[in-house]
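The values are calculated or read from the model by the stated rules, or taken from the named source; none is laboratory data. As the structure is a computational prediction, the values presented were derived from the model and not from experiment. Side chains included, ligands, DNA and RNA excluded: accessible areas come from the protein's heavy atoms. Shrake-Rupley method; radii C 1.70, N 1.55, O 1.52, S 1.80 Å.
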Amino acid sequence: MYTERLSEQLAVVSTIDPDAYTAATYTSDSIDMKQWRRVLFIVEAGTLGTNATIDFDVKGDTASGGSYSTTITGKTITQLTQAGSDDSDKQVLVEVTAEEVAAQSLRYIRGSLVVGTATSDCGMIALASANRYEPASAYD
């Protein structure tokens with residue numbers, strides 16, 4: 001029997017709200033990995049514009065207001081393309097652990113979503129679990 005609700009174990013810690021985004025880079029809120037052991041980024045792509053591309057990676061920094069110029073090793077998706085088989089309705093998962101972030105001497109992370117060439121429907125949500133303080137929902 002489950003004693004803890006899933007909503008108490010997971011917290012929405014960052015988003016790029018779903019929308020029709022023009023070709024540009026969009027970043028999520030920063031996430032303090034001192035509070036979380038794992039974060040799962042869920043990238044959602046709807047209908048992609050003609051010849052559009054979508055890239056996503058997780059960037060890190062030592063300060064919450066930093067430049068986030070460092071990509072967390074191994075946390076980049078394979079590019080989604082309209083010209084390929086990714087022209088609509090795809091999801092991609094990227095999981096990051098606190099140990100992976102600390103191994104690069106970083107503390108904060110955020111998602112970076114790049115829409116290339118044409119306006120496309122997309123978004124991202126980050127869920128954190130294995131929080132250091134409970135319940136997780138208190139840190140949404």
Over the stretch 1-109, with every protein chain in place, what whole percent of the accessible area is carbon and sulfur at 1.4 Å, could you tell me? 45
Reduced to Cα centres, the span from the stretch 6-48 to the stretch 86-102 in Å works out to 9
How many Å² of accessible area per residue for the chain, probe 1.4 Å? 53
At a Cα cut-off below 17 Å, give the lysines reachable from Lys59, other chains included and same-chain residues fewer than 8 away excluded. Lys34, Lys75
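Ignoring everything except DSSP H segments at least 4 long, calculate the 222 nm mean residue ellipticity for the chain; use -39,500 (n - 2.57) per segment, divide by total residues, nearest 500.
The per-residue figure over the chain is -1000 deg cm²/dmol.
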Identify which of the listed values of Rg/Rh (Cα atoms, Kirkwood Rh) was calculated from the structure shown: (1) 1.12; (2) 1.00; (3) 1.46. (2)
Report the residue, chosen from Ala126, Ala83, Ala11, that carries the largest GNM mean-square fluctuation when the chain is represented by alpha-carbon nodes joined by springs under 10 Å. Ala83
